Amino acid sequence: MTVVIFIGQFQNVSKYNNMNYNKSMHESWRSFLKAEFEKPYFKELSEFLHHEYETKTIYPKKGLVFRAFATDLNDVKVVILGQDPYHTPGAAEGLAFSVPNSQPIPPSLINIYKEIDDDIGHHENPRGSLVNWQKQGVLLLNTVLTVEAHKPKSHSGKGWETFTTEVIKYLNEVRPHLVFILWGRDARNKKALIDTSKHLVLESAHPSPLSAHAGFFGSKPFSKCNQFLEENGLKPIVW
């Protein structure tokens, strides 16, 4: 079945190795992801994705789709939730808002850096890769994990939203004292899934140039995040 392209890591190691998909998933996510991959909605999604990757240009590359889950579940402190991957060549690398250092910094990330500078004084990343954030326990997740080239939101409504809803519900249940940073309408729709008695939710408009002036700028999520982490005995993020 074509669903093996996304579930092979947990169901058939030899097929997974041959197809070279999703090498980056951390073992700590095994039980959760295996359960999701076996559900009917995900099998339908996987069939859809198999056809899309075979017939169209889809971002990110197959092996990067689940790159966010390279973050050890036990180390997750912050969840940044965006919309869907960058839809231009070479930009999407499986981490929300992040691009390879060889690529120009996209407008949304430029605005994120501007807000960091205004909020806490400076940002540490010289280029567009946010791997440094991931290494500190920031889960960089989009609500939809794939997109057709040059067609934003083209994979909305295909099953990814169900998957990321389950991710948020799982994190809400198994992790303590998380900071959820929800940018944009699609991300903010997940707020109801989060227990705000134990987690901090920071929400605003999307950092896109189309919406950043409608509440993203001046929202100060980075200082608020670090204050909450420190109050709960956790190391703040070097933004």
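A few notes on this one:
- Surface composition of the chain: carbon plus sulfur atoms hold 51% of the accessible area, using a 1.4 angstrom probe and ignoring ligands, DNA and RNA.
- Extension gain for SER102-GLU124 works out to 6.2 nm (0.36 nm per residue, less the C-alpha to C-alpha distance).
- Extension gain for HIS177 to PHE217 (0.36 nm times residue separation, less C-alpha to C-alpha distance): 11.9 nm.
- Cα centroid separation, segment 162-238 to segment 102-160: 14 Å.
- 23 Å Cα-Cα threshold exceeded, pairs from LYS39/LYS151; LYS39/LYS190; LYS61/LYS224: LYS39/LYS151; LYS61/LYS224
- Using the alpha-carbon positions of segment 89-235, Rg (one decimal) and Dmax (whole number) come out as 15.2, 43 Å.
- For the chain, accessible area per residue (1.4 Å probe, heavy atoms of protein chains only), Å²: 44 Å²
- DSSP bridge pairs, the chain: antiparallel proportion in percent, nearest 5: 20 percent
- Potential extension, ASN132-ILE110 segment - 0.36 nm per residue separation minus Cα distance: 6.3 nm
The values are calculated or read from the model by the stated rules, or taken from the named source; none is laboratory data. What you are looking at is a predicted structure, and each value in this text was computed from that prediction instead of being measured. Each accessible area value is taken on the protein alone, full model and side chains, heavy atoms only, with ligands, DNA and RNA left out. Shrake-Rupley method; radii C 1.70, N 1.55, O 1.52, S 1.80 Å.
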